[in-house]
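Visitor: I'd like to ask some things about the structure below.
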Amino acid sequence: MKTILIGEYREGKMLDATYELFGFARQLGGETVMFLVGDETVLPAYDGTLYLAEAVQCGEYNPELHKKLLLETVQKENPDNIVFIHSSYGWDLAPRVAAALKVAQVSEIVDIIDGGFEVGCCNAKMRRTVTPATSRAVLTIQTGAFPAVQPGGTPAVIKISSDSDGSLTFVGYEPADKKDVDLAKADIIVSAGRGVGKKDNIAIIQALATALGGELGASRPVVDAGWVPHNQQVGTTGQTVSPKLYIACGISGAIQHVAGMKKADFTLAINKDRDAPIGEFADVLVIADVMQFVPALTAKIAQ
Amino acid sequence: MKLLVCVKQVPDMESRFKPDASGVWYNEADLAFRMNEYDEYAVEQAVRLREELGEGTLLTVLSIGPDRVVETIKKALAMGCDNAVHIQDTTVSAKDPWQIASIIATYAQDKQFDLIFTGMQSQDRGSAQVGVTVAELLKFSCTTTIVGFAYDSCTVTTKREIEGGIKGVVTLKTPALVTCQLGLNIPRYPTLPNIMKAKKKEIVAIQVTDFMTTESRVTTTHFHSPMKKSGGIVLEGDVGELVDKVRAILKEKSLVLR
């Protein structure tokens, strides 16, 4: 079995999640080859073959061109699997490659059990076991689901390049919002999720944070709704935090949120849905209405 | 200008899910269905563009599924879509993303759409494949996960959401397809007058067999609950007692309290 691993590079750096591809490949077995649009001076610690296109020339985001380069690599290497990280880069490029190759794609794999790929569904509350019906397959793996493995060594680089001909132009990056509140340094974070119900109720969550001497955080839906500023968002597109105590109030526990808080020493979740995925990560799951429980806890602590 | 927005009807995610008789998908009994959340943002963005461009622009909403999806189509019409296509399919959940994308592309290929909007993924299956695959099949320019959108004379300017809170600015020439992320806009609630108006809008029903040309490329063998990884404590009951228990736990961990 041969697998092509698609590394990721952004703003001059190899992304750490790239090494999770090796963790996945180790479970798959067989030989690996890597494909990367990156930089010759920032090579992965990997002793295999690396097909490398220069990001300066090919763009960090140019899916039409990256697809073309990858298809050429696939033609040379004839792999069984083509594996991406399920990221803004991977979920964008993978379906294009699968469509061009006319092969199966399995998205956001979290585990391999008896040769079947486990993928989340129904907002991560359930799982499906999926197998490709084509002999070759495009796969994307969930960030954090497989261990990061550094094979070590220096790759044998095969340089590749091609000219862009698409109708898509990557203009550039817009930086993240300024972090007025540095949640990364907080020991205690009390976060509000969709379960708080409405904007007015944020004050109730804030009151618990204040009573505990902690900071207010929030999950994505709450930020999208404009209830809490973006600089307090915890998760993949917000801040990654590692407090001593994390209290998740009415947060279902989507993987994008969990990725930002799973390093907390101790997690208390309050949710009325006992099947909410946050239960899998919480040390204590309190099944209750957030708006009843949180004010009562705040009052108790203030005593 | 011709616009298309594709929507999926999904169960409320607060529901409890159980396997159906096939064992490979959820049992639909007792589930309340609604518009896929990502698609609400797609509809809102398409309607805004429709309003901005005014007369001469036609916005069609498309959904695939059994008769229940007509409710979701009606919502999109009440939000401001002009007309609708219901691709009737009672076995839609047995089809994989490749087949769904093929059905949409087969429908769209001779309709001269300039711009197609989809959600970035569905809440139930969550493959994030359908939109991009439709674009590939139609040879449309495509970008995904947009949280910003502007249109000006055949050029679409989008902001893509990237990990860590940064955004990538991407421009596309039409014909193009964009997949919409949560937070792109604030989807409107249909007003009563618009719900009434929507009743007069045309919903064309077409049998899925007319567009069904492909075999599935993945096989689902099992639908199940995740194995619980952690040995976390689950507490429930009277709020007063819960508060005492939680306070005791926090105290024991000497995290916060004396």
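Visitor: Have a look at B:Glu40, B:Glu215, B:Glu161 and tell me which one the Gaussian network model of chain B (Cα, springs below 10 Å) gives the largest fluctuation.
Guide: B:Glu215
Visitor: Between A:Thr240 and B:Asp30, what's the calculated FRET efficiency when r is the beta-carbon distance and R0 is 35 Å? Round to 0.05.
Guide: 0.40
Visitor: Output wanted: per-residue J couplings in Hz (rounded whole) for segment A:149-161, from phi through Karplus 6.51 cos²θ - 1.76 cosθ + 1.60, θ = phi - 60°, x for Gly and Pro.
Guide: 3J(HN,Hα) across segment A:149-161, in whole Hz: 10, 9, x, x, x, 10, x, 7, 8, 10, 7, 10, 7.
Visitor: What does the structure give for B:153-162 when I average, per residue, the other chain Cβ atoms found within 10 Å of the residue Cβ?
Guide: The per-residue average across the peptide is 3.
Visitor: Please list the non-local residues whose amide H lies under 5 Å from the amide H of A:Leu168, H modeled 1.01 Å from N, same-chain partners needing a gap of 5 or more.
Guide: none
Visitor: Give me the dipole magnitude in Debye, nearest 20, for the protein assembly as shown about the Cα centre, with unit charges on the beta carbon: positive for Lys and Arg, negative for Asp and Glu.
Guide: For the protein assembly as shown, the charge dipole is close to 760 debye.
Visitor: Counting partner chain Cβ atoms within 10 Å of every residue's Cβ in A:229-241, what's the average?
Guide: So the per-residue partner count for this stretch is 2.
Visitor: Right, here's the next one. How many Cβ atoms of partner chains, on average, are near each residue of B:135-145 if near means within 10 Å of its Cβ?
Guide: 4
Visitor: Once phi is turned into θ = phi - 60°, what whole-Hz ³J(HN,Hα) does the Karplus curve with 6.51, -1.76 and 1.60 give for every residue of segment A:21-27, x standing for Gly and Pro?
Guide: 4, 5, x, 5, 4, 4, 6
Visitor: Putting +1 on Lys and Arg Cβ atoms and -1 on Asp and Glu Cβ atoms, find which of A:Ser88, A:Gly38, A:Val284 reaches farthest to the positive end of the dipole of chain A.
Guide: Among A:Ser88, A:Gly38, A:Val284, the one farthest towards the positive end of the dipole of chain A is A:Val284.
Visitor: Counting alpha carbon pairs within less than 8 Å and at least 6 residues apart, what relative contact order, in whole percent, applies to chain B?
Guide: Here the relative contact order equals 23 percent.
Visitor: What value, in deg cm²/dmol to 500, does the helix sum -39500 (n - 2.57) over DSSP H runs of n ≥ 4 give at 222 nm once divided by the residues of chain A?
Guide: -7500 deg cm²/dmol
Visitor: So which of B:Lys8/B:Lys173; A:Lys102/B:Lys8; A:Lys300/B:Lys251; A:Lys2/A:Lys67 end up more than 21 Å apart, counting from Cα to Cα?
Guide: Result: B:Lys8/B:Lys173; A:Lys102/B:Lys8 exceed 21 Å.
Visitor: Can I ask one more? Order of A:200-213, A:238-251, A:133-146, B:104-117 by packing, highest average Cβ count within 10 Å first?
Guide: Output ranking for A:200-213, A:238-251, A:133-146, B:104-117: A:238-251, A:133-146, B:104-117, A:200-213.
Visitor: Please determine, in degrees from 0 to 90 and to the nearest 10, the orientation of helix A:63-77 with respect to the longest principal axis defined by the Cα atoms of chain A, where the helix direction is its Cα long axis.
Guide: Helix A:63-77 sits at roughly 50 degrees to that axis.
Visitor: Can you pull the one-decimal nm distance between simple spin-label points at B:Thr57 and B:Ile186, each 7 Å off the Cα toward Cβ?
Guide: Result for the modelled spin labels: 2.1 nm.
Visitor: Only four residue types carry charge here, +1 at the Cβ of Lys and Arg and -1 at the Cβ of Asp and Glu. Report the dipole size of segment A:2-159 about the Cα centre in Debye, rounded to the nearest 20.
Guide: Dipole size: approximately 460 debye.
Visitor: Moving on. Let me check I've understood the local charge: for B:Thr118, count other residues with C-beta under 14 angstrom from its C-beta, Lys and Arg +1, Asp and Glu -1. What total comes out?
Guide: Local charge sum for B:Thr118: -4.
Visitor: Let me ask another. Which cross-chain or sequence-distant (5 or more) residues have an amide H under 5 Å from the amide H of A:Ser88, H modelled 1.01 Å from N in plane?
Guide: So A:Ser88 has HN proximity to B:Glu163.
Visitor: Now for a separate question. Let me know the charge dipole size of segment A:190-303 about its Cα centre in debye, to the nearest 20, where only the beta-carbon of Lys, Arg (+1) and Asp, Glu (-1) is charged.
Guide: The dipole of segment A:190-303 has a size of about 100 debye.
Visitor: Can you compute the modelled spin-label distance between A:Lys262 and A:Ala211, with each label point 7 Å from Cα toward Cβ, in nm?
Guide: Distance between the two pseudo-spin positions: 3.1 nm.
Visitor: Using amide H atoms built in the peptide plane, which far-off residues or other-chain residues are under 5 Å from A:Tyr51 H to H?
Guide: A:Met34, A:Phe35, A:Leu36, A:Ile158
Visitor: Another question, then. Compute the FRET efficiency between B:Lys18 and A:Ala133 as 1/(1 + (r/R0)^6), taking r as their Cβ-Cβ distance and R0 = 22 Å, and round to the nearest 0.05.
Guide: 0.25
Visitor: Given N residues in segment A:183-302, what is its alpha carbon radius of gyration divided by 2.2 N^0.38 Å?
Guide: 0.91
Visitor: By its C-alpha gyration tensor, with a ≥ b ≥ c as the square roots of the eigenvalues, how is the protein assembly as shown shaped: rounded for a/c under 1.5, else prolate for a/b larger than b/c, else oblate?
Guide: Oblate.
Visitor: Rounded to the nearest 500 deg cm²/dmol, what is the calculated helix-only ellipticity per residue at 222 nm for chain B, with -39500 (n - 2.57) per DSSP H run of length n ≥ 4?
Guide: It comes out at -8500 deg cm²/dmol, rounded to the nearest 500.
Visitor: Add +1 for every Lys or Arg and -1 for every Asp or Glu among the other residues with Cβ under 13 Å from the Cβ of B:Met1, and state the total.
Guide: With Lys, Arg at +1 and Asp, Glu at -1, the neighbours total -3.
Visitor: Given labels modelled 7 Å from the Cα in the Cβ direction, how far is it in nm from B:Asn194 to A:Ser164?
Guide: It works out to 3.7 nm between the two label points.
Readers should treat all values here as calculations from the given coordinates under stated rules, not as data from a laboratory. Source: prediction; values computed, not measured. Cβ: placed from backbone, ideal geometry, glycine included. Neighbour counts: every protein chain shown.
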